[in-house]
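Please read the structure below before turning to the comments.
The values are calculated or read from the model by the stated rules, or taken from the named source; none is laboratory data. What you see is a predicted model; the values in this text were computed from it and never measured. When we count neighbours, we look across all protein chains shown, and the Cβ atoms used for this are built from the backbone with ideal geometry, even at glycine. SASA here: full protein model, heavy atoms, side chains in, ligands and nucleic acids out. Shrake-Rupley method; radii C 1.70, N 1.55, O 1.52, S 1.80 Å.
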Amino acid sequence: MWKVPADVLAQSRFAVSPLAEVVGALGALIRPRSPEQRSFGAAHGAAFTAWAASREGVADLVAASFRDSRRDRAGWLADYLSMPPEKDEQTFEDDLAQLGRLTDEDVRADLRETTQVPLAASLMAPGVRDLVRDLVVWLWTHTVETDWARRERVLRADIVGRTAQLAKHGWGGVLRDLGRDREWVGDGELRINRYALPTRTLAPGSRLLFVPTHTDGSWVGWHDTRYAIYYPVAGRLASVDAGSSAGLAPLVGSNRAEVLTLLDVPRSTSQLSVLTGQAIGSVGGHLKVLLEAGVVLRRRSGREVLYWRTPLGDALVAAGR
């Protein structure tokens, strides 16, 4: 349980974390549980295995970074992988800076707490903090970075929807689908799991974040006075409607191009109508063509549907510029 003071809850917010996407990628590579994760592993698993074999200590580091919940019922993720973001607009460079402030002994203490067993000899040698950095950088560069623009739009679309849900139902309504066993139980207490562990009281002035991720699971993390709940993003499997044989040909036209250009962030049909001055019906027609062409995605947020560009849409806009 987390005991959350009223001032901490009042200042809590949603945030996007590149490091959380790296953690999700690592989990998909070493412990795939869903068809989506197995597909991800098929695309990147061989390259990761080859790199890990070529870098002494990586395999031991990965093994020590997870405690399997099936072994002792209390699953655990190494703290260096679950540190909450320091900034509202955290970048991957910010994440690396956070990791860079750790010492070798910080990492080893973290891994000992995670595994509850003696560490491998490779993790006792100098440079284990640098090994952490190399692991995170490889995962980001080879599995996440090229897809980050699309991922970030999906994450921010989720936040838009959750914020609307928060205004209508409060935190109790929002928490119901942020992961198994997440719930308010009264008297300022937030249940984060069912493990028999002591209640942790968040000090006044602590920072509480809710972070969507492209994973099937959820976890929590804390560092100093920062706390985070990581949860599966709604719409991470959002699909594009079946394309037509016309492909991208219907995209020619200034009005449709204007709509596509504005979809660098999630927007609704009504927002696009206001921004472009086009009738809602016309905007809806353009969006239908863009969906069929595979250059935008969509998901429902309350009563509205949000649209944003796919990587293909980004490429078209970039080429047009």
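Only one of (1) out of contact with any Leu (no Cβ under 9 Å at 6 or more places or on another chain); (2) closer than 18 Å to A15 by Cα; (3) open to solvent by 50 Å² or more (accessible area, probe 1.4 Å) is not met by A196, so which one is it?
Answer for A196: the failing condition is (2).
For the stretch 1-59, which fully contained helices (runs of 4 or more DSSP H) count at least 2 residues that are modelled with pLDDT of 95 or more, at negative phi and within 17 Å of the chain's Cα centre (by Cα)?
Numbers: elements: 6-11, 18-30, 35-54.
Helices (runs of 4 or more DSSP H) meeting the threshold: 18-30.
Look at F66 and say whether it is under 20 Å from R129 (Cβ atoms), surrounded by fewer than 21 Cβ atoms within 10 Å (Cβ to Cβ), touching a residue at least 12 places away in the same chain (Cβ under 8 Å) and of a type in the set (A, V, I, L, M, F, W, C). Walk me through it before giving the result.
Values: under 20 Å from R129 (Cβ atoms): yes; surrounded by fewer than 21 Cβ atoms within 10 Å (Cβ to Cβ): yes; touching a residue at least 12 places away in the same chain (Cβ under 8 Å): yes; of a type in the set (A, V, I, L, M, F, W, C): yes.
So F66 passes the test.
Return the residues of the stretch 190-209 that are part of a strand (DSSP E or B) and either among the polar types (S, T, N, Q) or under 20 Å from the mean Cα position of the chain (by Cα) (or both); say none if nothing qualifies.
Once the filter is applied, which keeps residues that are part of a strand (DSSP E or B) and either among the polar types (S, T, N, Q) or under 20 Å from the mean Cα position of the chain (by Cα) (or both), the stretch 190-209 yields T201, R207, L208, L209.
Give the residues of the stretch 60-89 that are charged (D, E, K, R), at pLDDT 90 or above and in a loop (DSSP other than H, G, I, E, B), sorted by residue number.
Just the residues of the stretch 60-89 that are charged (D, E, K, R), to begin with: 60, 67-68, 70-73, 79, 86-89.
If we keep only those that are at pLDDT 90 or above as well, we get 60, 79, 86.
E86, the sole residue that qualifies.
Name the residue that is modelled with the lowest pLDDT, counting only residues in the stretch 167-182 that are basic (K, R) and closer than 17 Å to Y195 by Cβ. Give the derivation first.
Taking the stretch 167-182 and keeping what is basic (K, R), we get 168, 176, 180, 182.
Checking the rest, the ones that are also closer than 17 Å to Y195 by Cβ come to 180, 182.
Working: R180: 73, R182: 82.
Filtering the stretch 167-182 for residues that are basic (K, R) and closer than 17 Å to Y195 by Cβ, the one modelled with the lowest pLDDT comes out as R180.
Can you pull out the residues in the stretch 180-193 that are more than 23 Å from A203 (Cβ to Cβ) and either basic (K, R) or surrounded by 13 or more Cβ atoms within 10 Å (Cβ to Cβ) (or both)?
Answer for the stretch 180-193, where residues must be more than 23 Å from A203 (Cβ to Cβ) and either basic (K, R) or surrounded by 13 or more Cβ atoms within 10 Å (Cβ to Cβ) (or both): just R180.
Given S54, S39, S65, S34, which one is within 19 Å of E145 (Cα to Cα) and among the hydroxyl-bearing types (S, T, Y)?
Details: S54 fails: within 19 Å of E145 (Cα to Cα); S65 fails: within 19 Å of E145 (Cα to Cα); S34 fails: within 19 Å of E145 (Cα to Cα).
Just a single option satisfies the conditions, and that option is S39.
Residues T146, T114: which one is surrounded by fewer than 15 Cβ atoms within 10 Å (Cβ to Cβ) and assigned to a helix (DSSP H, G or I)?
After applying the criteria, what remains is T146.
Answer yes or no: is there a residue in the stretch 296-311 that is open to solvent by 20 Å² or more (accessible area, probe 1.4 Å), at negative phi, among the basic types (K, R) and in contact with a His (Cβ under 6 Å, 6 or more places away or on another chain).
no
Can we say G285 is at pLDDT 90 or above, farther than 15 Å from L262 by Cβ and surrounded by fewer than 17 Cβ atoms within 10 Å (Cβ to Cβ)?
yes
Across the stretch 195-228, what is the number of residues that are modelled with pLDDT of 90 or more, among the aliphatic types (A, V, I, L, M) and over 11 Å from P85 (Cα atoms)?
Residues in the stretch 195-228 being modelled with pLDDT of 90 or more, among the aliphatic types (A, V, I, L, M) and over 11 Å from P85 (Cα atoms): 3 in total.
D94: of a type in the set (D, E), surrounded by 13 or more Cβ atoms within 10 Å (Cβ to Cβ), more than 22 Å from I229 (Cα to Cα) and modelled with pLDDT of 95 or more, yes or no?
no
Hey, any hits in the stretch 162-179 for a residue that's under 22 Å from L19 (Cα atoms), part of a helix (DSSP H, G or I), open to solvent by less than 50 Å² (accessible area, probe 1.4 Å) and out of contact with any Lys or Arg (no Cβ under 6 Å at 6 or more places or on another chain)?
Among the residues of the stretch 162-179, at least one is under 22 Å from L19 (Cα atoms), part of a helix (DSSP H, G or I), open to solvent by less than 50 Å² (accessible area, probe 1.4 Å) and out of contact with any Lys or Arg (no Cβ under 6 Å at 6 or more places or on another chain), which makes the answer yes.
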